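Scroll down for the structure; my scribbles are underneath it.
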Amino acid sequence: MPAPDDWTPRSDAYFASPLAQGTPGKQCGLAATGDYQPSLRSPWLAAAATVDVKKVARELAKDDGVVFSEDYVYMCSDPGQTAVIDAIKDNDLNGMVISCCSPTLHEKTFRDASELGDLNAFQCEIANIREQCAWVHSDMEVATEKALKITRASVRRVQHNQALEPIGVPVTRRALVVGGGIAGIQAALDMTDAGLDVILVEKQATIGGNMLKLSETFPTLDCSQCILSPKMVSVSKNAKITLMTESEVESISGFVGNFKVKIKKKAEFVDPELCKLCDDCTPVCPVAVPNEYDVGLTNRRAIYIPFAQAIPASFTLDEEACLGLDPVVCGKCEEVCDVGAIDYDKKPTVTEEEVGAIIVATGFDLYGMEHMGEFGGGRYPDVLDGLQFERLCSASGATEGHIMRPSDHKVPKEIVFIQCSGSRDPENHCAYCSKICCMYTAKHATLYKHHVPDGQAYIFYIDIRSGGKGYEEFVQRSMENDGVIYLRGRVSRVYEKDGKLKVMGVDTLAGRNVEIDADMVVLAQAMEPSKGTAEIAKILKIGRDKDGFLAEAHPKLKPVESVTAGIYLAGAAQGPKDIPETVSQAGAAASKVIALLSKDQLAHSPTVAKVRDPYCTGCEMCVDACPYDAIALVDGKASVNEILCEGCGSCVGVCVRAAIDVKNVTQLQIHEMISAIMA
Amino acid sequence: MEKILSQEKLREWVDALDDCEVYAPAFADSVWNFARVKAGADIDLSHTNTIGSVKEFAFPQREVFFCFEKKDGVPVLTPTLPDPKPTVVFGVRPCDGRGMPRNDTVFNKEFEDPYYWARRNKLTLVGLACNQPHSPNCFCQSVGGSPHAEEGLDILMTDLGDRFHVKGVTAKGVEAMERGRDAFDAVSDADQAEVEKVHATSRSHSQRPLGNLDAIAEAIRESFDSPLWADMAQHCIGCGICTFLCPTCHCFDINDEVINPTTGEGERVRTWDNCQFPDFTMHTSGHNPRGDLGSRLRQRVSHKFLYFVENHKTQQCTGCGRCITECPVGIDIIAVLERVGQS
Amino acid sequence: MVNVEEIRGYAAGLLEKGEVKSVLGFRRGSASAFAEPCTLIEASDAASLVWDPTCLNNLALYLVKDRKQQAVSKTPDTRPVGIVAKGCDSRAIGVLLQENYFKREDVVVIGVSCEGTGVVDPRKLSAKLKGRTASRVTFDGADGINVSVYGDGTETVIPAREVLADRCLECRAATPTLNDVVFGETVEARGYNEPFHAAKEAEKVSEDERWANWEHHFDRCLRCFACRAVCPMCYCPECVVDSTTFVVTLGTSAEEKANRIRWCERSANTSESAVYHLTRAIHLAGRCIDCGECERVCPVNIPLRLLNTKLEKEAFEMFEYQAGHDIEQASLLSSFRDEDPNSFIR
Amino acid sequence: MSNPSKTTEVQTFEPRIVAFLCKWCSSAGSDLAGVSRIQYSANATPITIPCSGSVSPMYILSAFNKGADGVLISGCHPGDCHYMEGNYLARRKLYLVKELLQFIGLESERFRMSWVSAAEGVKFAEVVDEFVEDLRVLGPQNRLKAER
């Protein structure tokens, strides 16, 4: 039976039929072709699949609401974008879909182009037919069919997209730096140079971090403390830096430009303002505990100063070790302190600070020696890790720079360095390369020879990785000038025999077993994220990679950004790196923050939740579900704080009344997408 | 045509109707309802009354009017008139039987509904007289019916204990009996006397009275603006039980069910609708002329006892009592009519 | 035994002192043996209150209706409402309070303990009587239900467990925990079925059998929406599934009307009814207090309660969550614990 | 229908899967699969959503109603949600949905949930391939599909 001319499917007045509905006006599906055409541009593409984009464009042109559909090579190129802009203008489009690569790559590109064509950026959507289709399917027919579905779904979605404008958010022009190692120090100083106020939070009693423990630095062999101390002093003298040692970030709320951070500071039993550094207190303290600064090679008292040049320059009281918090038991140090700087009744404090951006520079720890049982790690006092050896070499160390065995204080004459200890061993230890060990082991061997000219240094290695300015030359020098013997191969076992450490190894180049009676063994332990990295990542809601290091937002293009806007990464917390690299990254993170906070307002994504008032009954399920405390009841109905809302949709998922939607990802849009896919 | 059918021969007759789809009441899920009878042996006529009425055989819950799709941008409609097999329904109670002519009138008034009649014309209703009321809510006699009313039925059976008295009321009914003629015996005088006695006894059971139906109609007309309706509907929950189960309620909704939004493929579908639903009279503007439960109760009662009478000279209620028995909150149409009548 | 005179006296007292604008309770119905809901306005009406095993309804529904009426009334009467509540009904009030539907001071809960029994399942009774109707149903001591049958005038005592509603057999809290007064004794051990018994039984059969059962049930659904209409938790202004309750106001735009999502069609098909019932079940997860009203009112006797108790069973066993027990708790679906089941996820 | 033709039907049956992928982890993980050129079945069509926590049970029911043979929901691993808690909310809610679907006898293999991080391109491909294989064995989903 023929349909009357004016026929459209009828429906209940309140259920407009999908055929009859749809935003009046025009939509456009642009199918872009890229380098995934059946050209054999890359060796992958021969095996990889392809999408017949011409067919996609042709089919889409027939769909309701689509007025323009075309394929184009390199849509993201300048002429490609010009074509997009022209298409919008020529066809007076009110929605656009670009079928191309992942939106993470070019959503912004095409949304910017939309704006240039006078189409609201949020009315442009990307259909990912490359990463999620062309590159993963080998059958052209099948892949094309799927690409059609993906594109159709996007077209149906965009038909219901609202034009949106970014939400302006005021900015707090202060930054927080978590971690007071060289990365944190550098970032803090750089930011103050740009006029920002900085809060520097450090867990330990002094800033300086691991770099403080180093003797000399490769490849120039300049003294680590000599180059670090001035920076530490700059921090303490800088009026724009609020330094909070023995402090940790407890919680965070808010969002980029407007974080609220709760910082917990341990009880300040010794008032740094009053402490004169007279050192009357330590002699009376009856407690001795291993000194962290000397990596346990020496002891310190419960009341102590980490080292003479500590910043802040003050003694501090180790709450856990001290007996005297109960004055009945001890209380000796308080008695001898003339200035009355000591007060056992101090309590921890929690302060809330508002900051606009955060740099996380929580650094590294060495992979625990207790894991290296086969090398006698943690068992024999003369098997040391790299940092312990640094302390032996350091003039400020327990031995005042004399290399001697911890066990009997004899100078080691035969010393073995084992590289890749705990690294590059996915079965048993860390899978990754710790990157700096080749260099510092060469440095250790060189320093050893400088201290013990008649000694012999051996280095077991797998590969020598000495990429870096002057690095390769340094390694060569250690071999040629200092006679360090490099043995390519692994050590199977280290054990004690007759006061010597028997090192059982293999020289794979010579093809023979090697047995060395060493006086000392130094393990180039892998670097791992510092203890507490997992906690800080959880608190700040930033991701970690499979090895536990903080995850950057993009491995190549966003190496200092975390996945959370306004939080940046610096130093070894993000991955093993040496000092120059750490300093560069800290500077980069600082400049990101400076750029971010240079604006008066930040643009917050407008794809936030919106309550459909008539449907809301105020049951508060969304209020409970919202991870950002962005929803509150106002006059018995849920109300969204758009600045706090991140658009996650947790509220949508729990609302039984469908009374809340995330703009441009509404339930209607998802329904339409499901329909399009299943059609 | 009047015959006697022994209990054992009932299955023979049913089996003889093998070119038809046969339905009869079955007790399943703790309710009696019509179910397909595959073989005569399955038939059980010990039922009270079915929960659903017989109307659904001509006016199903869902009726597809036509399919639509777009071909090269042009809408194409394909009609889908139902073409059912001849259908025989056993065990229809006289109240349900009386409902069918009322539905026939509606679907044949200004417009002959082809979908209804395509099914209705294939339908043979075999009634079973009620020897006693099934519930205190049976009131067929109060609305002009009787426990053995033949109106609307093609055949009326009367249970005589070990055997049935079977009367062909219409030509269609007689034809259905002819098909199983071997199963039937002649009616003796004793049989005849017993049928009359059973019928008389069934009429003698007391049923709740309604009084003068004309007076009720008048009372309803006068109480249109009465606050009584809201009061009586105070506990109504606005569900569709009373009308969906009613043998004479016939309101429907029409929707387009789109199957494939890309091709615009779909069906236009008629489904039952219900004057007790809040959206039944909702206007696009948001205004609802029957926005409260009282006005909806008034509509249901007025339609049955006033408007239908005005249009078709008979009540649109056959006294089956389902709306009373099944109402979750005890709304009782007899009590409602009593109160309206007294006001 | 609950003395109905005490309930009457208490209700009359509330009305007399003007502490409530009305009392929701049960009275003898005009049409059958079963009690029906009533709303008392005058203290003198209290004499009509009854209490017996036919007081089936969950009257909390009428608190919802009252609130909806007051919301649109030009002269809202905000005085509290008194309500006769069984254990399950009081939990419904608990959920409504948890969801801020009204405030604690808006309601006076006249709790009545079901003691050792509960209410009758009309379908079970009907099945016992092979479809015939009871004309009188009363408690007979502790374990029996006394039934008079309509028509033949016979009277029988049926063991309570054979005709009690499933929810009563499985009831864990027959005494209203949320109350202003309780009549009747708190009976801890009931000795009928373990909690969630029916759902556990339904789980036991094979997947194909389960589907065969539910396909059969969904297929029979009339889409009369009585299950939704009777549920005190189904108070949404508009149902997301099949809406017969549109929220259309003068401010509703044409686009909003056009953009209503049709998650399922109105056709009473197996598939569409399945979407309707499954949606209803999941939307009641952590909210269903097992008053069994949905199942009771279903004219074709679909065991709807199973869908809800299945989810409440999971909520209880996996998440230690019980609907209506704590009005301060975050709802089931808007909260989580680290130890929630994870093994079903690849 | 005779047996041989049925076997052929099973062999040629291509399940249709709707895959809801969270934007931050699973969608990024599928992007990584693409960048790595890992080949997997094309049966799953992705819909990117902000977070697994934003999934309304309606999406799942609707997909089955519209004829999906399987529904996959994939989000960030516990503890890794970009929005901190969304995946925990999803886990609880979807556990209940899964239990409910099993309860009414929908084949339990048809609804699947996975945690796929942005680094797990390989896992994403495996999840899809395994799902497709399992669905192939089950055949078409007719239980909740609209009979139109």
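The values are calculated or read from the model by the stated rules, or taken from the named source; none is laboratory data. Predicted, not measured: the structure shown is a model, and the values here were computed from it. Every residue, glycine as well, gets a Cβ built from its backbone with ideal geometry; the counts of neighbours run over all protein chains shown.
When each of A:Ala603, A:Ala588 is tested for being under 30 Å from A:Thr192 (Cβ atoms), away from chain D (no Cβ under 12 Å), assigned to a strand (DSSP E or B) and not acidic (Asp, Glu), the lone residue that passes is A:Ala603. Got at least one residue in the stretch B:254-277 being under 25 Å from B:Met100 (Cα atoms), of a type in the set (Gly, Ala, Ser) and touching a Cys at 6+ places or on another chain (Cβ under 9 Å)? No, that holds for no residue.
Of all residues in the stretch A:204-212, none are in a strand (DSSP E or B) and either surrounded by fewer than 21 Cβ atoms within 10 Å (Cβ to Cβ) or basic (Lys, Arg) (or both).
The set of residues in the stretch C:180-198 being under 17 Å from the mean Cα position of the chain (by Cα) and either aliphatic (A, V, I, L, M) or buried (at least 19 other Cβ atoms within 10 Å of the Cβ) (or both) consists of C:Phe196, C:Ala198. Please verify whether the stretch C:287-309 includes one or more residues that are in a loop (DSSP other than H, G, I, E, B), surrounded by fewer than 22 Cβ atoms within 10 Å (Cβ to Cβ) and within 14 Å of chain A (Cβ to nearest Cβ). Among the residues of the stretch C:287-309, not one is in a loop (DSSP other than H, G, I, E, B), surrounded by fewer than 22 Cβ atoms within 10 Å (Cβ to Cβ) and within 14 Å of chain A (Cβ to nearest Cβ), which makes the answer no.
Consider the stretch C:316-346 and keep the residues that are surrounded by 15 or more Cβ atoms within 10 Å (Cβ to Cβ), without any contact (Cβ under 8 Å) to a residue 24 or more places away in the chain and among the small types (Gly, Ala, Ser). The one that is farthest from D:Phe131 (Cα to Cα) is C:Ala330.
Quick one: which strands (runs of 3 or more DSSP E) sit completely within the stretch B:14-110 and have at least 3 residues that are within 12 Å of another protein chain (Cβ to nearest Cβ)?
Answer list for the stretch B:14-110: B:21-28, B:31-37, B:62-71, B:74-79.
Among the residues of the stretch C:236-249, the one identified as under 15 Å from A:Thr617 (Cα atoms) and more than 7 Å from every other protein chain (Cβ to nearest Cβ) is C:Cys239. Listed by first and then second residue, the pairs with beta-carbon distance under 6 Å, at least 6 apart or on different chains, first residue in the stretch C:208-223 and within 7 Å of chain D (Cβ to nearest Cβ), second not in a helix (DSSP H, G or I), are C:Arg210/D:Gly105; C:Trp211/D:Gly105; C:Trp211/D:Arg143; C:Trp214/D:Ile104; C:Trp214/D:Gly105. Within the stretch A:470-489, being surrounded by fewer than 16 Cβ atoms within 10 Å (Cβ to Cβ) and touching a residue at least 40 places away in the same chain (Cβ under 8 Å) holds for A:Gly470, A:Glu473. Considering (1) surrounded by 20 or more Cβ atoms within 10 Å (Cβ to Cβ); (2) more than 24 Å from the chain's Cα centre (by Cα); (3) at pLDDT below 95, the lone condition that B:Trp229 does not fulfil carries the number (3). If only residues of the stretch D:109-125 that are touching a residue at least 60 places away in the same chain (Cβ under 8 Å) and assigned to a helix (DSSP H, G or I) are counted, the one that is farthest from the other protein chains (Cβ to nearest Cβ) is D:Val122.
To keep it simple, each residue is scored yes or no on (1) under 30 Å from D:Asp31 (Cα atoms); (2) in contact (Cβ under 8 Å) with a residue 12 or more places away in the chain; (3) in contact with a Gly (Cβ under 6 Å, 6 or more places away or on another chain).
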| position | (1), (2), (3) |
| --- | --- |
| A:Asp517 | no, yes, no |
| A:Val522 | no, yes, no |
| A:Ile542 | yes, yes, no |
| A:Ala551 | yes, yes, yes |
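Taking D:Leu138, is it of a type outside the set (Lys, Arg), in contact with a helix residue (DSSP H, G or I) (Cβ under 7 Å, 6 or more places away or on another chain), closer than 19 Å to A:Met678 by Cα and more than 10 Å from chain A (Cβ to nearest Cβ)? Yes, satisfied. The strands (runs of 3 or more DSSP E) found wholly in the stretch A:216-333 and carrying at least 1 residues that are among the hydroxyl-bearing types (Ser, Thr, Tyr) and at pLDDT below 90 occupy A:247-255.
Hey, can you tell me all the residues within the stretch A:349-406 that are of a type in the set (D, E, K, R), assigned to a helix (DSSP H, G or I) and within 30 Å of A:Leu176 (Cβ to Cβ)? Lay out the reasoning, then the answer.
Applying the first criterion (of a type in the set (D, E, K, R)) to the stretch A:349-406 yields A:352-354, A:365, A:370, A:374, A:379, A:382, A:385, A:390-391, A:400, A:405.
Narrowing further to those that are assigned to a helix (DSSP H, G or I): A:370, A:374, A:390-391.
Listed by number, the list holds a single entry, A:Glu390.
Within the stretch D:83-108, the only residue that satisfies the criterion of being surrounded by fewer than 24 Cβ atoms within 10 Å (Cβ to Cβ) and more than 10 Å from chain C (Cβ to nearest Cβ) is D:Met84.
Within the set B:Arg290, B:Arg296, the sole residue that is modelled with pLDDT of 95 or more and either surrounded by 19 or more Cβ atoms within 10 Å (Cβ to Cβ) or in contact with a Ser or Thr (Cβ under 8 Å, 6 or more places away or on another chain) (or both) turns out to be B:Arg296.
Looking at B:Thr248, B:Thr243, which is the one that is under 21 Å from the mean Cα position of the chain (by Cα), away from chain C (no Cβ under 14 Å) and under 29 Å from C:Glu265 (Cβ atoms)? Just one listed residue meets the conditions, B:Thr248. If only residues of the stretch A:334-353 that are of a type in the set (A, V, I, L, M) and touching a helix residue (DSSP H, G or I) at 6+ places or on another chain (Cβ under 8 Å) are counted, the one that is nearest to A:Cys285 (Cα to Cα) is A:Val336. If the condition is being more than 34 Å from the chain's Cα centre (by Cα), in a loop (DSSP other than H, G, I, E, B) and within 27 Å of A:Glu642 (Cβ to Cβ), then the stretch A:132-161 contributes A:Gln159, A:His160. Against the test of being farther than 29 Å from C:Gly25 by Cβ and touching a residue at least 60 places away in the same chain (Cβ under 8 Å), the options B:Thr325, B:Thr318, B:Thr281, B:Thr243 yield a single qualifying residue, B:Thr318. Selection of the stretch C:250-278 for residues being at the interface with chain A (Cβ under 9 Å from one of its Cβ atoms), in contact with a helix residue (DSSP H, G or I) (Cβ under 6 Å, 6 or more places away or on another chain) and either more than 28 Å from C:Arg305 (Cβ to Cβ) or modelled with pLDDT of 95 or more (or both) yields only C:Asn259. Every test in (1) surrounded by fewer than 19 Cβ atoms within 10 Å (Cβ to Cβ); (2) under 22 Å from C:Tyr62 (Cβ atoms); (3) of a type in the set (Phe, Trp, Tyr) is passed by B:Phe252 save one, and that test is (2). Could you go through the stretch A:295-302 and let me know if any residue there is under 28 Å from A:Ala534 (Cβ atoms) and not assigned by TED's automatic domain parsing to the domain that holds A:Glu334. No, the stretch A:295-302 has no match at all. Would you point out the residue of the stretch C:126-171, among those that are acidic (Asp, Glu) and not in a helix (DSSP H, G or I), that is modelled with the highest pLDDT? Checked the stretch C:126-171; the qualifying residue modelled with the highest pLDDT is C:Glu170. Restricting to the stretch A:306-326, count the residues that are surrounded by 15 or more Cβ atoms within 10 Å (Cβ to Cβ), free of Cβ contacts under 8 Å to residues at least 60 places away in the same chain and under 37 Å from the mean Cα position of the chain (by Cα). Matching residues across the stretch A:306-326 total 7.
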